[in-house]
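None of the figures in this text is laboratory data; all of them are computed from the coordinates on show. These numbers come from a predicted model, not from an experiment. FYI the Cβ positions are ideal-geometry reconstructions off the backbone, even for glycines, and counts take in every protein chain you see.
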Amino acid sequence: SAVISQKPSRDICQRGTSLTIQCQVDSQVTMMFWYRQQPGQSLTLIATANQGSEATYESGFVIDKFPISRPNLTFSTLTVSNMSPEDSSIYLCSATGLAGAQYNEQFFGPGTRLTVL
Amino acid sequence: GQNIDQPTEMTATEGAIVQINCTYQTSGFNGLFWYQQHAGEAPTFLSYNVLDGLEEKGRFSSFLSRSKGYSYLLLKELQMKDSASYLCASRGNDYKLSFGAGTTVTVRA
């Protein structure tokens with residue numbers, strides 16, 4: 001199995017500012033994703049973080065608002081830009097494809113709880 | 001797209017068995033996942049089914065029928081700590097997970 005860590009675990013931010021969330025996996029993985037979970041709701045996929053190329057965004061999410069980096073097989077960042085209170089949510093990193101071959105598990109990081117005032 | 005349906009809430013008694021059903025519709029299928037999520041915490045991976053049949057892991061078992069687009073999670077010998085939200089998620093050929101709304105299970109003494 002893989003262990004995923006995220007930083008920060010939580011933050012309170014002012015409207016109009018940006019926050020970058022880091023995700024670190026303890027093993028090399030093929031696929032990394034970013035999800036959002038708003039209060040009382042299930043998880044929604046924001047984007048697939050592609051190593052060495054631009055992330056692939058889901059409908060309703062755009063690169064200018066949620067820029068993503070993935071410089072290698074164990075690390076990714078998600079930035080929430082020009083924040084508004086509607087961005088208050090839990091942001092979760094997910095990974096699968098351990099060692100490039102194991103896709104029968106998909107793990108989540110502990111999440112980053114973001115509150116925008 | 002992937003439409004995932006599961007019941008909103010279930011209640012059971014400590015020591016009993018509960019079965020959480022999930023139906024899905026998918027344009028490309030690459031596995032069915034179940035996760036447990038306690039309030040304020042991240043989802044914890046429970047099970048993965050890609051072939052038809054039952055997978056057993058201790059007190060938890062998961063079943064899949066691909067032809068029916070149907071899965072269930074079976075929780076046996078319920079304990080108070082099993083009170084949580086249980087999320088059904090189907091995965092497409094692009095490895096993206098689509099989640100149901102979750103089933104809140106309440107275990108009563």
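Values for this structure:
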item	result
Amide proton proximity set for residue B:83, modelled H, under 5 Å, gap of 5+	B:107
Within segment A:34-54: backbone nitrogen closer than 17 Å to the residue B:39 label point (7 Å, Cα to C-beta)	A:38-42
Least to most buried among A:33, A:61 (fewest other Cβ within 10 Å first)	A:61, A:33
Sorted by Cβ density within 10 Å, fewest first, the residues A:21, A:90	A:90, A:21
Cα centre as origin, Lys/Arg/Asp/Glu Cβ charges: the protein assembly as shown dipole, Debye	140
Inter-centroid distance (Cα atoms) of segment B:13-88 relative to segment A:80-97, Å	25
Local net charge near residue A:15, Cβ-Cβ under 13 Å (Lys/Arg +1, Asp/Glu -1)	-2
At R0 = 25 Å, FRET efficiency that the Cβ-Cβ distance of residue A:58 and residue A:14 yields, to 0.05	0.40
Label-to-label distance, nm, for residues given as residue B:108 and residue B:56 (7 Å Cα→Cβ offset)	3.0
The protein assembly as shown - Rg (one decimal) and Dmax (whole number), Cα, Å	17.6, 52
